[in-house]
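Working notes, beginning with the structure itself.
The values are calculated or read from the model by the stated rules, or taken from the named source; none is laboratory data. Just so we're clear, the structure is a prediction, and the values are computed from it rather than from any experiment. So basically every Cβ, Gly included, is an ideal-geometry build from the backbone, and we count neighbours across all protein chains shown. Accessible surface areas use protein heavy atoms only, side chains included; no ligands, DNA or RNA. Shrake-Rupley method; radii C 1.70, N 1.55, O 1.52, S 1.80 Å.
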Amino acid sequence: RIHGVEPIVTSFGGAGGPEAGAPRPVLKLVDARHPLIGESAVPLTVEIGRDFSVLVITGPNTGGKTVALKTIGLLSLMAQCGIPVPASPESEIPIFDNVFADIGDEQSIEQTMSTFGWHTSNIVRIAKQATSRSLVLLDELGTSTDPVEGAALAVAVLRKFLGRGTTTVTTTHFSQVKAFAHQTGGMQNASFDFDPATLFPT
């Protein structure tokens, strides 16, 4: 029903992570589709790991950024469970030691935790556990607070994951984060667009 295929599965090598001098495995999804969207899914092609480990996705609202994050994470987990993925067979998916995601809003009135507080505590937990063999997905990193402070926090978080070599994908509207990705080795900007007539991502 989802037209699933077996992707090329790769590994990180030794137990401590990528071996010295050995190339990092690449996360490469070709014409990937979120399996729950069905026939209306817009195919996504993305590659992370060959020249950079951190991808910053920008673009308008309704442009498909969050769906892209969820597609990358879900297909990675499907492959690790031996489930065929809705993508082209030349897709490559590494075996990650963990997949972490900070997506959505889980503020807690009972715990007097704001939206920003919830995201921050979640990112702190991820930063403590993620390794060079992990996949980290962060939606709208640094939002729900003062934009200048949020952008500075986002840059600091991404710098940490970059230094660790963690495969990281984040979405953002912050110009400072886009500029940081543009000026920093090991990071890459990507952008989505959408058709204003149909409101579908392109």
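Ignoring ligands, DNA and RNA, how do HIS119, HIS3, HIS173 rank by accessible area with a 1.4 Å probe, largest first?
Per-residue accessible area, sorted high to low, gives HIS3, HIS173, HIS119.
Where does the longest stretch of the chain lie that holds no trypsin sites (Lys or Arg not before Pro) found in a DSSP loop with 16 or fewer other Cβ atoms within 10 Å?
Here the longest run is 51-202.
How much mean residue ellipticity at 222 nm does the chain get from its helices, if each DSSP H run of length 4 or more adds -39500 (n - 2.57) and you divide by all residues, to the nearest 500 deg cm²/dmol?
Calculated from helices alone, the mean residue ellipticity at 222 nm is -9500 deg cm²/dmol.
Over the Cα atoms of region 45-170, compute the convex hull volume and normalise it per residue, giving Å³.
Convex hull of Cα atoms, per residue: 128 Å³.
Using θ = phi - 60° and the Karplus curve 6.51 cos²θ - 1.76 cosθ + 1.60, what whole-Hz ³J(HN,Hα) does each residue of region 91-96 get, with Gly and Pro shown as x?
5, 10, 10, x, 8, 7
When the Cα centres of region 59-106 and region 130-182 are compared, how far apart do they sit, in Å?
17 Å
About its Cα centre, what dipole magnitude does region 75-202 give when the only charges are +1 on Lys and Arg Cβ and -1 on Asp and Glu Cβ, stated in debye to the nearest 20?
That gives region 75-202 a dipole magnitude of about 580 debye.
Quick query: amide H of THR168 versus all other amide H atoms, modeled in the peptide plane; which residues come in under 5 Å with a sequence gap of 5 or more or a different chain?
It is VAL54, LEU55, VAL136, by chain and number.
Hey, can you list the DSSP H helices of the chain whose Cα span along the axis is 30 Å or longer and whose average Kyte-Doolittle score is at least 1.0?
Span-like helices, by this rule, are absent here.
At 37 °C and 0.692 mPa s, what whole-number value in µm²/s does Stokes-Einstein give for the translational diffusion of region 31-111, with Rh from the Kirkwood sum over Cα pairs?
Numbers: Rh = 14.4 Å.
The diffusion coefficient I find is 228 µm²/s.
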